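These notes concern the structure reproduced below.
The numbers here are math on the coordinates, done by the rules we state, and not lab data. Since we're looking at a predicted model, the values are computed, not measured. Every residue, glycine among them, receives a Cβ derived from its backbone with ideal geometry; neighbour counts consider all protein chains shown.
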Amino acid sequence: MNLGAQPLGRRLGRPAIIGGVGAAVCAAVWIGRPSEPGGILPPCPIKVLLNIDCPGCGATRALDALMHGDPGAAMHFNALAVVAFLALVVGYLGYVVGRWRGRPIVADWTRWRPASKAVLVLVVVWFVVRNVPVAPFTGLQV
């Protein structure tokens with residue numbers, strides 16, 4: 001069935017579910033306050049067990065800082081996560097608009113074949129660089 005032939009409520013069902021899950025995650029982070037001492041969210045298990053910063057270490061605190069209007073702190077906690085959050089929001093908005101209009105909107109970068117490999121390389125480089133124990137790389141550790 002053509003996407004445009006579906007009723008608007010049916011076209012927006014999936015985006016509503018995805019938005020609801022995203023809102024629930026944001027609410028849990030908002031309530032958990034991982035940036036403050038005594039927050040109820042647990043620390044990163046990789047950081048606790050191995051004492052290294054994984055590519056995602058600080059992402060929850062970065063999301064918390066973004067939601068509280070502190071992009072500088074968010075970038076300090078995990079700059080790659082901030083970029084990923086922005087990409088997710090832009091992608092989600094494009095998805096919702098495409099479903100609303102009845103025509104899917106596909107981002108150009110998703111059609112680029114090596115996009116997944118480029119993202120993987122970026123994450124691995126981020127993982128290595130933020131664990132180099134010499135200045136200026138020590139400033140990337142959280």
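Points worth noting:
- Among 69-81, 38-50, the order from most to least packed when residues are scored by Cβ within 10 Å on average: 69-81, 38-50
- Residue 120-residue 70 FRET efficiency (beta carbon distance; Förster radius 25 Å; 0.05 resolution): 0.30
- Sorting 93-99, 83-89, 133-139, 59-65 by their mean Cβ neighbour count within 10 Å, with the most densely packed peptide first, gives 59-65, 93-99, 83-89, 133-139.
- Globularity index of the chain is 1.26 (Cα radius of gyration / 2.2 N^0.38 Å, N = number of residues).
- Efficiency of FRET between residue 89 and residue 134 - r from beta-carbon atoms, R0 35 angstrom, step 0.05: 0.55
- Estimated FRET transfer efficiency (residue 40, residue 18; beta-carbon r; R0 30 Å; 0.05): 0.75
- Fully extended contour minus Cα-Cα distance, from residue 49 to residue 112, at 0.36 nm per residue: 19.0 nm
- Rough spin-label spacing in nm, given labels placed 7 Å along Cα→Cβ, for residue 33 and residue 8: 4.1 nm
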